[in-house]
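Before any comments, here is the structure.
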Amino acid sequence: WGTVGHATVAYVASGLMKPETAAYCKKTLGDDSDEFLAAIASWADAFRYEPGGAFSVPFHWIDAIDRPPYSCDVDYDRDCTAEGCIVSAIMNYTNIQRAQPYEPMSLKWIVHFLGDIHQPLHDENYGAGGNNITVFVDGVKWNLHAAWDTAFLTKITGGTNLATAKIFSKGLLARIQAGGAYAAASKKWFRSSLKDPKAAAMAWATETNDYVCSSVLPEGPQQIEGKELNGTYYQAAAPVVELQIAKAGLRLAAWLDLIVTGGT
Ligand code: DCM
Ligand code: DCM
Ligand code: DCM
Ligand code: ZN
Ligand code: ZN
């Protein structure tokens, strides 16, 4: 995701986590403002290009070698390389944060990767996660990955910054609350245990990768290569983007609640 996606995940999580989890994160990050998670949510995207950051480049995705749109699946042994992947990264940084409470870097990585793992093209190998597929959104040229990371969210929210994300998060939080469109479904979104962080991350990656077959490449890549996506494609994609951002925020809140409160 781009800035709005990651910040919205962070604001949704901030709005759902226990007060003691919020206090723990604020202390860890040295930020007592309402932006304590949103402000660091995209840190990992800058860090990977800084000196000493290259090791973390593959941590942002898992390249599922499946066959969209005919079959989608994620296989840890097949798809997580020796250099690591988003599943191993979530597992490792979760374990680091549990072993070293108040360690800021592992918290920042958890916040970022719980977001990215919910972007379908971060769980797909085809076209380098869609980076090699050219598309247009309202006449502007994008690659398919960036369209899902950024262009659709700009079209949904009308903005590109943290203020936009904060407003968008309030709408998603309202959908999760009683009476909201996600109220019933969201009760089943988090079923994971800290006893097996790898299984938790694999479940999130597998569920998200399913959307590559159903929503990202439903008629195969040739059907969208070089095409304008602002019509029926966008109409189907936007609800998936909103759902995945909301899910990521709820799961991030629940995951941090477990880490901070010593749950399982
Ligand atoms: N192709 C694809 N996704 C895959 C495998 C292939 O989109 N996982 C595309 C790339 C080529 C075409 O299919 O455009 C070639 O496939 P085939 O040899 O089955 O015709
Ligand atoms: N990306 C991905 N899967 C890949 C390669 C890249 O999900 N196999 C993501 C990482 C970034 C975006 O695509 O979000 C652009 O990558 P880069 O900046 O490395 O070109
Ligand atoms: N194809 C494939 N895997 C995909 C997409 C396409 O194997 N993910 C193959 C099926 C056809 C050919 O590519 O043999 C044409 O597909 P398309 O219409 O996507 O070009
Ligand atoms: Zn991305
Ligand atoms: Zn990232």
Checklist outcome for this item: Of the accessible area of the chain, computed with a 1.4 Å probe and all protein chains kept, carbon and sulfur make up a percent value of 54 percent
Item to check | Average projection area in nm² (convex hull over Cα atoms of the chain, one quarter of hull surface) | outcome: 13.4 nm²
Checklist outcome for this item: Loop-resident chymotrypsin sites (Phe, Trp or Tyr not before Pro) in region 1-76 with no more than 13 other Cβ atoms inside 10 Å, DSSP not H/G/I/E/B, are TYR49, TYR70
Next on the checklist: Checking the a/c ratio against 1.5 first, then a/b against b/c, what shape does the Cα gyration tensor give for region 1-103?
Outcome noted: prolate
Item to check | Amide H within-cut-off set for GLU124, under 5 Å, with H built and near neighbours excluded | outcome: ILE62, ALA64
Checklist outcome for this item: Amide H neighbours of TRP142 at under 5 Å, excluding residues fewer than 5 places away on the same chain, with H built from the backbone geometry, are VAL135, PHE136, VAL137
Checklist entry - Using θ = phi - 60° and the Karplus curve 6.51 cos²θ - 1.76 cosθ + 1.60, what whole-Hz ³J(HN,Hα) does each residue of region 238-250 get, with Gly and Pro shown as x? => result 4, x, 5, 4, 4, 4, 5, 5, 5, 4, 4, x, 5
Checklist entry - Once you put a point 7 Å from the Cα of ASP31 and another 7 Å from the Cα of PHE55, both along the Cβ direction, what distance in nm separates them? => result 2.4 nm
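What is region 59-204 by shape, rounded, prolate or oblate, if you read a ≥ b ≥ c off the alpha carbon gyration tensor as root eigenvalues and call it rounded for a/c under 1.5, prolate for a/b larger than b/c, and oblate otherwise?
Working: a/c = 1.56, a/b = 1.09, b/c = 1.43.
Judged from the Cα gyration tensor, region 59-204 comes out oblate (a/c at least 1.5, b/c at or above a/b).
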Checklist outcome for this item: Of the listed pairs LYS155/LYS247; LYS170/LYS247; LYS155/LYS198; LYS26/LYS247, those with alpha carbons more than 25 Å apart are LYS155/LYS198
Checklist entry - Can you list the HN-Hα couplings for region 196-204, worked out from phi with the Karplus curve (6.51, -1.76, 1.60; θ = phi - 60°), rounded to whole Hz and with x for Gly and Pro? => result 9, x, 5, 5, 4, 5, 5, 5, 5
Checklist entry - Expressed as a rounded percentage, what relative contact order does region 16-171 have, with Cα pairs under 8 Å and six or more residues apart? => result 20 percent
Item to check | Principal-axis tilt of helix 19-29 within the chain, Cα atoms, nearest 10 degrees | outcome: 80 degrees
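Show that you can apply the helix-only estimate: for the chain, add -39,500 (n - 2.57) for every DSSP H stretch of four or more residues, divide by all residues, and state [θ] at 222 nm to the nearest 500.
Helix-only estimate at 222 nm: -15500 deg cm²/dmol.
What's the extension gain from GLN177 to GLU103 if we count 0.36 nm per residue and subtract their Cα-Cα distance? Kindly include the intermediate steps, with their values, before the conclusion.
On the way: separation 74, 0.36 × 74 = 26.64 nm, distance 3.15 nm.
Taking 0.36 nm per residue and subtracting the Cα distance, the gain is 23.5 nm.
Ignoring GluC sites (Glu not before Pro) that are buried or in helix or strand per DSSP, and keeping those with at most 12 other beta carbon atoms within 10 Å, what is the longest stretch of the chain between them? Each step should come with its number before you reach the end.
Values: sites that count: GLU83, GLU219.
So the longest stretch without any such site is 84-218.
Which whole-number percentage describes the relative contact order of the chain, with Cα contacts under 8 Å and a sequence gap of 6 or more?
Details: 417 pairs, mean separation 83.9, N = 264.
Relative contact order of the chain: 32 percent.
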Checklist entry - Which ³J(HN,Hα) values, rounded to whole Hz and listed in residue order, are derived for region 258-264 from phi using the Karplus coefficients 6.51, -1.76 and 1.60 in 6.51 cos²θ - 1.76 cosθ + 1.60 with θ = phi - 60°, glycine and proline given as x? => result 5, 4, 6, 8, x, x, 10
Checklist entry - How much accessible area per residue does region 140-207 have, in Å², with a 1.4 Å probe? => result 50 Å²
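Report the chymotrypsin sites (Phe, Trp or Tyr not before Pro) located in region 102-184 that are in a DSSP loop and have at most 16 other Cβ atoms inside 10 Å of their Cβ, or state none.
Values: sites: TYR102, TRP109, PHE113, TYR126, PHE136, TRP142, TRP148, PHE152, PHE168, TYR182; in loops: TYR102, TYR182.
Sparse-neighbourhood loop chymotrypsin sites (Phe, Trp or Tyr not before Pro): TYR102.
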Checklist entry - Going by Cβ distance under 4.7 Å, what cysteines of the chain have no possible disulfide partner? => result CYS25
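Which whole-number value in Å² is the accessible area per residue of region 1-116, probe 1.4 Å? Don't skip to the end; give the middle numbers.
Numbers: 4880 Å² over 116 residues.
Solvent-accessible surface per residue comes out at 42 Å².
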Item to check | Rounded if a/c under 1.5, otherwise prolate or oblate - region 157-264, Cα gyration tensor axes | outcome: oblate
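The values are calculated or read from the model by the stated rules, or taken from the named source; none is laboratory data. Since the structure is predicted, the reported quantities are computational estimates derived from the model, not experimental observations. As a convention, Cβ positions derive from the backbone with ideal geometry for all residues, glycine included, and neighbour counts pool all protein chains shown. Only protein heavy atoms, including side chains, enter the accessible area calculation; ligands, DNA and RNA are left aside. Shrake-Rupley method; radii C 1.70, N 1.55, O 1.52, S 1.80 Å.
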